[in-house]
């Protein structure tokens, strides 16, 4: 019998209405959650209550503790797979952070729900059940961290929350999902061809902010980041990675201060590329020392930049992979 550990961190999947009729995230412990939604009987499931928070309250210190718990369970308890229940709002960020920093080959699966366990039409039961079956399936060995949601299996690097409330909450625009769960059976149709691992220093404090670019955007937010002493900035540019020329002076100032800057695109598909040669183009930014963020969205680029800085890795080389 496969042995799967379920690590609970709060979120909607562990929420219930308060006296005002509003949901309070992370109310149920892992044990209470398992009693509510039911777990498979043909898999040995061990429940660990790690956190009880809304996902937007989770910190990188929390994620480092979660990473250490997963590694301990993998190597000391001989667990066959890991499930992490998590709020949906930051699930894609947690998934990618763990994907880059975990040195394990067993399946690590994140799941959650768009509706609370006691709500009409809740997806909590089926998502958790499917995630447990996925974590116990050797087809997912060695492919990195995944997200299981609404019968679909997504790769951490490309998964993105696509809807604020619908039970079809996640998608991978331009890349598709890895497989499906149908009648508790796992069907994998594609697997990532590359994987990355960075040995981060626990508790190392790194600050990276995201700044969105738009018509007539200027450098005030970049200047604020410089003054605040951030370690890195992700610029969410437009198209192939263009920014307003009014931002250039502040960008140059940040680079001169040694702040790492990565340029991404707000487009759902396609990547940053030095196609154009004018003030504020990706080529202009590249010549100034800005790292081209390829097809990463701004959140994933931020996670990768933070991981690089926490592990003292070459940022340029990391984004070329």
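Just to be sure before I move on: is residue 267 part of a helix (DSSP H, G or I) and without any contact (Cβ under 8 Å) to a residue 60 or more places away in the chain in the structure I sent?
no
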**Message:** Looking at segment 201-220, I want the residues that are within 25 Å of residue 68 (Cα to Cα) and have a partner that is in a strand (DSSP E or B) with Cβ atoms under 7 Å, at least 6 apart or on another chain. Which pairs are those?
**Reply:** 208/232; 208/233; 208/234
**Message:** I need the full set of residues from segment 34-50 which are at pLDDT below 90 and either under 23 Å from the mean Cα position of the chain (by Cα) or not assigned by TED's automatic domain parsing to the domain that holds residue 127 (or both), in order please.
**Reply:** none
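Determine, yes or no, whether residue 190 is over 26 Å from residue 124 (Cβ atoms), assigned to a loop (DSSP other than H, G, I, E, B) and free of Cβ contacts under 8 Å to residues at least 60 places away in the same chain.
Yes: the conditions hold for residue 190.
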**Item:** Candidates 31, 24, filtered to the one that is more than 18 Å from residue 115 (Cα to Cα) and either at pLDDT below 80 or over 21 Å from the mean Cα position of the chain (by Cα) (or both)
**Value:** 31
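Each row is one residue, and each column tells you yes or no for (1) within 25 Å of residue 314 (Cβ to Cβ); (2) modelled with pLDDT under 95; (3) not in a loop (DSSP other than H, G, I, E, B).
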| site | (1), (2), (3) |
| --- | --- |
| 254 | yes, no, yes |
| 273 | yes, no, no |
| 280 | no, no, no |
| 287 | yes, no, yes |
**Request:** Scan segment 33-46 for residues that are buried (at least 16 other Cβ atoms within 10 Å of the Cβ) and either touching a strand residue (DSSP E or B) at 6+ places or on another chain (Cβ under 9 Å) or without any contact (Cβ under 8 Å) to a residue 40 or more places away in the chain (or both) and report the count.
**Result:** 6
**Asked** Can you find a residue in segment 47-61 that is closer than 24 Å to residue 304 by Cα, touching a residue at least 60 places away in the same chain (Cβ under 8 Å) and part of a helix (DSSP H, G or I)?
**Response** yes
**Prompt:** In this structure, is residue 318 under 26 Å from residue 63 (Cβ atoms) and part of a helix (DSSP H, G or I)?
**Reply:** yes
**Asked** What is the number of the single condition among (1) in contact with a strand residue (DSSP E or B) (Cβ under 9 Å, 6 or more places away or on another chain); (2) more than 30 Å from residue 114 (Cα to Cα); (3) surrounded by 15 or more Cβ atoms within 10 Å (Cβ to Cβ) that residue 214 does not meet?
**Response** (3)
**Qualifying positions in segment 297-315 - part of a loop (DSSP other than H, G, I, E, B) and within 12 Å of the chain's Cα centre (by Cα)** = 297
**Prompt:** In segment 1-17, is there at least one residue being surrounded by fewer than 21 Cβ atoms within 10 Å (Cβ to Cβ) and without any contact (Cβ under 8 Å) to a residue 12 or more places away in the chain?
**Reply:** no
**Message:** Given the criterion over 18 Å from the mean Cα position of the chain (by Cα) and under 18 Å from residue 9 (Cα atoms), identify the matching residue among 81, 121, 112.
**Reply:** 81
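The values are calculated or read from the model by the stated rules, or taken from the named source; none is laboratory data. Here the structure is a predicted model, which means the values were calculated and not measured. Don't worry about glycine lacking a Cβ; one is built from the backbone with ideal geometry, like all the others, and counts go over all protein chains shown.
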